[in-house]
1. Please give the calculated 222 nm ellipticity per residue for the chain, where each DSSP H segment of at least 4 residues contributes -39500 (n - 2.57) and the sum is spread over every residue; nearest 500 deg cm²/dmol?
2. What distance in nm separates the two pseudo spin-label positions at residue 135 and residue 154, each 7 Å out from Cα along the beta-carbon direction?
3. For the cross-link pairs 88/154; 88/139; 139/161; 18/143; 19/139, which exceed 22 Å when the distance is taken from alpha carbon to alpha carbon?
4. Using only protein heavy atoms and a 1.4 Å probe, report how much of residue 41 is accessible, in Å² to the nearest 10.
5. Once amide H atoms are placed 1.01 Å from N in the peptide plane, what residues at a sequence separation of 5 or more from residue 8, or on another chain, have their amide H within under 5 Å of its amide H?
6. Gain in length, residue 144 to residue 44, computed as 0.36 nm per residue apart minus the alpha-carbon separation, to one decimal in nm?
7. Sorted by accessible area with a 1.4 angstrom probe, largest first, how do 32, 54 fall?
8. For residue 150, what accessible area in Å² do you get when you roll a 1.4 Å probe over the heavy atoms of the protein chains, rounding to the nearest 10?
Amino acid sequence: MKRIGIIMGSDSDLPIIKKATDMLTALEIPFEVHIYSAHRTPVEARDFAVNARERGFGALICAAGMAAHLAGAIAANTTLPVIGIPCKGGMMDGLDALLATVQMPTGIPVATVAVNGGANAALLAAQILSVSDPEIAAKLDAKRAADAAVVLAKDASVMAKL
Ligand code: RP5
C-alpha cells in the first residue's frame with residue numbers, strides 16, 4: 001500500500017497534524033511524519049519532496065501557518081498530489097495561511113483544505129489512494145455510511161424531543 005507523507009512547518013502545528021494522523025490510523029493507512037520548514041530547513045524539505053515518489057508515497061500533506069509556503073514549496077518539487085492545511089494563528093488568524101496555501105500559480109497545484117482541516121486532509125489523501133486501492137475505497141465507503149448513520153440517529157432523536 002502507498003504511504004502518506006505528512007510535513008509540518010513547526011512543532012507548533014502538531015495539534016492539527018494529530019487530526020490527520022488519527023484519521024489515517026483509524027483507516028489503517030501507513031504514514032510518515034516530519035517537521036520541515038520551507039524557510040528554516042529548505043534543503044531538507046526539497047529533498048523529501050524530490051524523493052517522495054520513489055520512496056513509495058502516494059500523496060503528501062503539508063501543514064503550515066502564517067507565511068504558509070510549505071505546501072507550495074513541496075509541490076514545486078514533486079508531481080505527487082499535495083494537500084495543504086492552512087493553520088490558524090498569526091495576524092489574520094489563519095486567513096493569511098489559507099491564501100498563501102491556496103493561491104498557487106498555474107502548473108503547481110495544491111489541494112487546499114479548510115483552516116486547521118487536518119481530518120479532511122487525511123480523508124482526501126485516502127481518497128486519492130483509493131483510486132487504485134479497492135481496500136481503501138471500501139473503508140471510505142464504510143466510514144461514509146457510519147457517519148451518515150450517526151446523523152440520522154441524531155435526526156430521530158431531535159424529532160422525538162421537539
Ligand atoms: C509556520 O509558522 C509554521 O508552520 C507555524 O504554523 C508558524 C509559526 O511557527 P513557530 O514560530 O511556532 O515555529 O512556518
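1. Working: 6 runs with 78 residues, N = 162.
The per-residue figure over the chain is -15500 deg cm²/dmol.
2. That separation, rounded to one decimal, is 3.2 nm.
3. Working: 88/154 30 Å; 88/139 30 Å; 139/161 33 Å; 18/143 19 Å; 19/139 18 Å.
Distance filter (> 22 Å) returns 88/154; 88/139; 139/161.
4. Around 40 Å² of this residue is reachable by solvent.
5. Amide H neighbours of residue 8: 34, 35, 36, 63.
6. On the way: separation 100, 0.36 × 100 = 36.00 nm, distance 3.68 nm.
Here the answer is 32.3 nm.
7. So, going from the largest accessible area down, we get 54, 32.
8. 80 Å²
The values are calculated or read from the model by the stated rules, or taken from the named source; none is laboratory data. In this text the structure is predicted, and so the values were computed from the model without any measurement. FYI the Cβ positions are ideal-geometry reconstructions off the backbone, even for glycines, and counts take in every protein chain you see. When the accessible area is computed, the model is the full protein with side chains, heavy atoms only, and any ligands, DNA or RNA have been set aside. Shrake-Rupley method; radii C 1.70, N 1.55, O 1.52, S 1.80 Å.
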